[in-house]
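**Student:** Sending over a structure as structure tokens; questions will come in a sec.
The values are calculated or read from the model by the stated rules, or taken from the named source; none is laboratory data. Bear in mind the structure is a predicted one, so any value in this text is a computation, not a measurement. Neighbour counts run over all protein chains shown; Cβ positions are idealised from the backbone, glycine included. These area figures cover heavy atoms from the full protein model, side chains too; ligands, DNA and RNA do not enter into them. Shrake-Rupley method; radii C 1.70, N 1.55, O 1.52, S 1.80 Å.
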Amino acid sequence: MKKLGLTLGSGGIRGFAHLGVLSVLEENNIEADIIVGCSIGSIIGALFCCGLDSAAIMKLAKGLGRDPWLDFVIPKMGFISTRKIYEIMKLLTKEQNIEDLSTIFATVGTDLQSGKEFVFTKGPIAEAVCGSICVPGVFEPYAYNNMLLVDGAVSNPTPVNITKKLGAEVIIAVDMAGTQLDNEIDSMQKVIVHSLRLMEKNLFQYKKLREQCDVLIRPQFSAHGVRSLTDFSNIDSFYASGRAAGEAALPAILKALAD
């Protein structure tokens with residue numbers, strides 16, 4: 001059987017679409033050997049690799065809501081610290097290291113000083129997640145090994161190249177960099193999100209993502225608005241968008257695995 005790699009890209013709160021895609025894979029007994037996540041994809045990928053299925057992660061998100069994750073601080077390099085996220089992820093992942101997982105796992109962040117991507121392939125899972133999620137201007141950069149790490153989306157929003165480097169022979173990528181942008185821009189957070197998405201979209205026109213993976217899944221969100229980076233009100237809709245995209249891609253996934 002070919003080694004299957006799954007790349008879960010950035011996308012903010014819309015990343016709950018990843019859970020919809022994962023639910024389709026679960027129902028069809030398709031298991032990834034390698035999972036690489038960026039930003040929200042790193043959170044979902046980490047929890048999934050630690051044994052939580054898509055339904056459990058969705059239930060967890062609804063049960064916790066947004067407040068336990070957010071630690072507002074006096075603005076210096078961002079409004080939100082990753083301290084609470086680190087503690088929650090440490091608890092949910094049972095303080096495991098990436099090396100402890102049965103599935104090969106990695107996350108991608110961006111070193112703010114060099115501008116280069118940084119890939120976590122070992123060490124505490126909670127740390128790997130925090131090093132991938134820090135949206136510039138919203139979260140404080142995550143200090144790690146003399147680096148200041150910000151959101152992986154700045155350098156590599158859907159890191160299929162990392163998935164391939166880790167040994168994947170068939171790659172499924174769930175990408176939200178190429179999805180429709182919000183038309184209504186009326187808050188600071190939306191300015192930041194919109195700017196990041198424009199950057200991601202332009203970056204991936206250059207990288208030709210379709211040529212780098214076997215199956216590219218791009219959930220459609222045209223009917224769903226995002227009020228802010230931390231708005232949980234539409235996560236059911238995002239999940240449904242992911243399921244629809246996953247079901248549509250299923251024949252291509254089965255063909256890629258068979259070929």
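**Student:** Restricting to the stretch 24-56, name every residue that is closer than 11 Å to VAL129 by Cβ and small (Gly, Ala, Ser).
**Tutor:** Matches in the stretch 24-56: GLY37, SER39, GLY41, SER42, GLY45, ALA46.
**Student:** Let me ask something else about it. For the subset of the stretch 220-246 comprising residues that are touching a Gly at 6+ places or on another chain (Cβ under 9 Å), farther than 19 Å from ILE80 by Cβ and open to solvent by 30 Å² or more (accessible area, probe 1.4 Å), which member is modelled with the lowest pLDDT?
**Tutor:** ASN234
**Student:** If you take the residues in the stretch 104-126 that are open to solvent by less than 40 Å² (accessible area, probe 1.4 Å) and among the hydroxyl-bearing types (Ser, Thr, Tyr), which one is nearest to GLY167 (Cα to Cα)?
**Tutor:** THR107
**Student:** Can SER10 be described as open to solvent by less than 20 Å² (accessible area, probe 1.4 Å), closer than 24 Å to THR121 by Cα and modelled with pLDDT under 95?
**Tutor:** In short, yes.
**Student:** Step by step: first the residues of the stretch 89-119, then only those that are among the hydrophobic types (A, V, I, L, M, F, W, C) and assigned to a loop (DSSP other than H, G, I, E, B), then the one that is nearest to SER155 (Cα to Cα). Which residue is that?
**Tutor:** LEU112
**Student:** Right, next: Can you tell me how many residues in the stretch 35-56 are buried (at least 24 other Cβ atoms within 10 Å of the Cβ) and of a type outside the set (Phe, Trp, Tyr)?
**Tutor:** So the answer is 13.
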